[in-house]
Each structure stands twice: as C-alpha cells, then as structure tokens.
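Inspection log for the structure reproduced underneath, given as structure tokens.
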Amino acid sequence: MDNFKVVPFSSLSETVQNLLKSATEVRTKAYCPYSNFSVGSAILTEKDGKIYTGCNIENATMTPCMCAERTAVAKAVSDGYMQFKTVAVVAHQKDFTAPCGVCRQTLSEFRSSNGDIEIYLSKPSLDNVLCTTISQLLPLAYVSYKKDSLP
Ligand code: THU
C-alpha cells in the first residue's frame, strides 16, 4: 500500500513551501545538547491560516524531551487553535524524519474538519519532500472512550 509519495519541493504549493521553510528556520533553535539531532516543525492552523513553529527541547534527565512537533502543538493549542490543516517536519538524516508515535497520537487529536492532517517531511536542503497524512501514519488511531461511548 502506498502511504506516501516523494515529490520535488518546487512542485508544492507556496503555502506548503512556506511551512517547510518555517520548520527549517525554527530547527536552528533546537535545544538538543544530548542527541545533537535538531528537528524543526511548523503547523498551519485551519482557522485563520496561522503558522506555529516548534523545535525539539531536550533535558538531562531524558524523559521530559519534547519533540519539535509537540512544541509547535503546545504553542498553537495555547493560542486557541485546535484544528490543524498541515504539518511540516524538517531534520537531517539519511532518510526522512517521520514523527514518533507519541507525536502521531498527539497530532491525531487535532485533525482538521476533513478528518485528516497533511504531513510533509524534508531535509533542510528542501529538495525532495515526503507527502503523507496523519491517517496514513496512524491508522486506527486511539479515540477517547469519552467521545465514543457516552449514552
Ligand atoms: N525528535 C523530534 O523532535 N521529532 C521527531 O519527529 C523525531 C525525534 C527529537 C527528539 C529528540 O530530541 C531528538 O529528536 C533525538 O531523538
């Protein structure tokens, strides 16, 4: 099953290109002295089309490490935006850096009104971009029993 495609950066809409550029920019702010692996993320909100960015924030005790995606989510949600249209993630490794399981579940909570979120992954060189969606990355996502089972 094809759950993603890889396309040239130049073929993407200006909106998505801008989101990827924002993720690349915020990546330079990453606080990652333990892994030395910087990640940047940018979220486009459905309402108002606002961009929220986030970088990874690590900690000496390791457990409380914040991924870039969840930093951006925290900023958007605390400003009152809870429906995301698009998310970009930029990091530099051999393959594309895809959101971890915790970030997938976190993003899943804030799907746009069409029930999905577009996800774009790239390296900082912004040459090729992997395009997918949260429903492809997290099929059968957990949904709160509170939403589903109330009488
Ligand atoms: N990391 C992210 O910020 N986002 C991802 O999608 C993958 C991993 C961070 C967490 C940690 O600070 C570093 O990358 C190494 O795992």
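The values are calculated or read from the model by the stated rules, or taken from the named source; none is laboratory data. The model shown is predicted, which means the values in this text are computed figures rather than measured ones. A quick note on method: Cβ atoms are made from the backbone with ideal geometry, for glycine too, and the neighbour counts reach across all protein chains shown. Protein only, heavy atoms only, side chains kept; ligands, DNA and RNA dropped before computing areas. Shrake-Rupley method; radii C 1.70, N 1.55, O 1.52, S 1.80 Å.
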Worksheet item: Please state the Cα pair-distance histogram of segment 1-79 with 5 angstrom bins from zero: what percent is in each bin?
Response: 3, 15, 21, 19, 18, 13, 7, 3, 0
Worksheet item: Between Val6 and His92, what is the spin-label point distance in nm, taking each point 7 Å from the Cα along the Cα→C-beta axis?
Response: 1.8 nm
Worksheet item: For the chain, which whole percent of the accessible surface, found with a 1.4 angstrom probe, sits on carbon and sulfur atoms?
Response: 55 percent
Item to complete: Go through 112-118, 7-13 and give me the packing order, highest mean Cβ count within 10 Å leading.
Response: 112-118, 7-13
Worksheet item: Under the rule of -39500 (n - 2.57) per DSSP H run of 4 or more residues, summed and divided by the residues of the chain, what mean residue ellipticity at 222 nm is obtained, to the nearest 500 deg cm²/dmol?
Response: -7500 deg cm²/dmol
Discussion item. Just to confirm, what accessible area per residue do you get for segment 5-138 at 1.4 Å probe, in whole Å²?
Written reply: 48 Å²
Discussion item. I'd like the trypsin sites (Lys or Arg not before Pro) in segment 38-105 restricted to DSSP loop residues with at most 15 other Cβ atoms within 10 Å, sorted by number.
Written reply: Lys47, Lys50, Lys94
Worksheet item: Using a Förster distance of 41 Å, how high is the FRET efficiency between Thr28 and Lys146, based on the Cβ-Cβ distance and rounded to 0.05?
Response: 0.55
Discussion item. Which residue fluctuates most in the GNM of the chain (Cα springs below 10 Å): Ser41, Ser22, Ser125?
Written reply: Ser125
Worksheet, complete the sentence: Simple SL model, points at 7 angstrom along Cα→Cβ for Asn18 and Lys47; separation in nm is 2.0 nm
Practice prompt. Identify all lysines with a Cα-Cα distance to Lys47 below 17 Å; exclude those on the same chain that are fewer than 8 residues away in sequence.
Written response: Lys75, Lys85
Worksheet item: Taking the Cβ of Asn56 as the center, what net charge do the other residues with Cβ under 15 Å away carry, scoring Lys and Arg +1 and Asp and Glu -1?
Response: +1
Practice prompt. Give the span of the chain's Cα atoms along each principal axis, as three whole-Å numbers ordered largest to smallest.
Written response: 51, 41, 34
